[in-house]
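Colleague: First the structure, then my questions, so here it is.
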Amino acid sequence: MLVAYFQIIIGLLATSFGMKKLLHFRSLMNKGKVSIGKVSGFHEKTEQGHRRYYPVISFHTQEHQLINSELHMGAKVPMFLKGEKLRIIYEEDNPKHIELFDFTYILSLFIILLGIVVIVLGGSKLV
């Protein structure tokens, strides 16, 4: 029974995190601007002994200002090819803060659904 409660708590945390990301994305959609960016390179960082690659995205704001911004998510293997075009959304007041347009939305929904599934599985053990 303790495992069931643990699953429910994990599910609630995942659902809450997904909702937070989704609400942040919706807020960014309301206030932000959409642009097409291009992967101009990668920033290598070593974290806990592992090398990670963070894509650097170049794009123009609606005011025609060229911005180079590093995505906040990195991977052990580059996720994109140099020169690849990506649809991004940026904050008008802080254009260096960018999110991948489609990825953030899909990831948020996936985390919410995963959380709900874990809650249901945990709850079914209590019945």
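The values are calculated or read from the model by the stated rules, or taken from the named source; none is laboratory data. All values derive from a computational prediction rather than experimental measurement. A quick note on method: Cβ atoms are made from the backbone with ideal geometry, for glycine too, and the neighbour counts reach across all protein chains shown.
Colleague: For region 10-23, what are the residues that are touching a residue at least 12 places away in the same chain (Cβ under 8 Å) and either more than 16 Å from Phe110 (Cβ to Cβ) or not β-branched (Val, Ile, Thr) (or both)?
Modeller: Residues satisfying the conditions are Gly11, Leu12, Leu13, Ala14, Ser16, Phe17, Gly18, Met19, Lys21, Leu22.
Colleague: Another question about this same structure. Hey, among Leu81, Leu86, which residue is touching a residue at least 40 places away in the same chain (Cβ under 8 Å), touching a strand residue (DSSP E or B) at 6+ places or on another chain (Cβ under 7 Å) and either polar (S, T, N, Q) or within 16 Å of Lys33 (Cβ to Cβ) (or both)?
Modeller: From the options Leu81, Leu86, the qualifying one is Leu86.
Colleague: Go through (1) in contact with a Gly (Cβ under 8 Å, 6 or more places away or on another chain); (2) closer than 29 Å to Leu2 by Cα one by one and return the number of the condition Val127 breaks.
Modeller: (1)
Residue by residue, here is whether (1) surrounded by 18 or more Cβ atoms within 10 Å (Cβ to Cβ); (2) modelled with pLDDT of 95 or more holds:
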{"position": "Thr46", "(1), (2)": "no, no"}
{"position": "Val56", "(1), (2)": "no, yes"}
{"position": "Glu63", "(1), (2)": "no, no"}
{"position": "Ile88", "(1), (2)": "yes, no"}
{"position": "Leu109", "(1), (2)": "no, no"}
{"position": "Ile116", "(1), (2)": "no, no"}
{"position": "Val120", "(1), (2)": "no, no"}
{"position": "Lys125", "(1), (2)": "no, no"}
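Colleague: Let me ask something additional. For region 74-127, name all the residues that are hydroxyl-bearing (Ser, Thr, Tyr) and in a helix (DSSP H, G or I).
Modeller: Passing the criteria: Thr104, Tyr105, Ser108, Ser124.
Colleague: Among the residues of region 15-36, how many are under 14 Å from the mean Cα position of the chain (by Cα) and buried (at least 16 other Cβ atoms within 10 Å of the Cβ)?
Modeller: Summing the residues that are under 14 Å from the mean Cα position of the chain (by Cα) and buried (at least 16 other Cβ atoms within 10 Å of the Cβ) in region 15-36 gives 5.
Rundown of residues vs (1) farther than 11 Å from Ile88 by Cα; (2) among the polar types (S, T, N, Q); (3) touching a Cys at 6+ places or on another chain (Cβ under 6 Å); (4) part of a strand (DSSP E or B), yes/no style:
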{"position": "Ile9", "(1), (2), (3), (4)": "yes, no, no, no"}
{"position": "Ala14", "(1), (2), (3), (4)": "yes, no, no, no"}
{"position": "Ser35", "(1), (2), (3), (4)": "no, yes, no, yes"}
{"position": "Lys45", "(1), (2), (3), (4)": "yes, no, no, yes"}
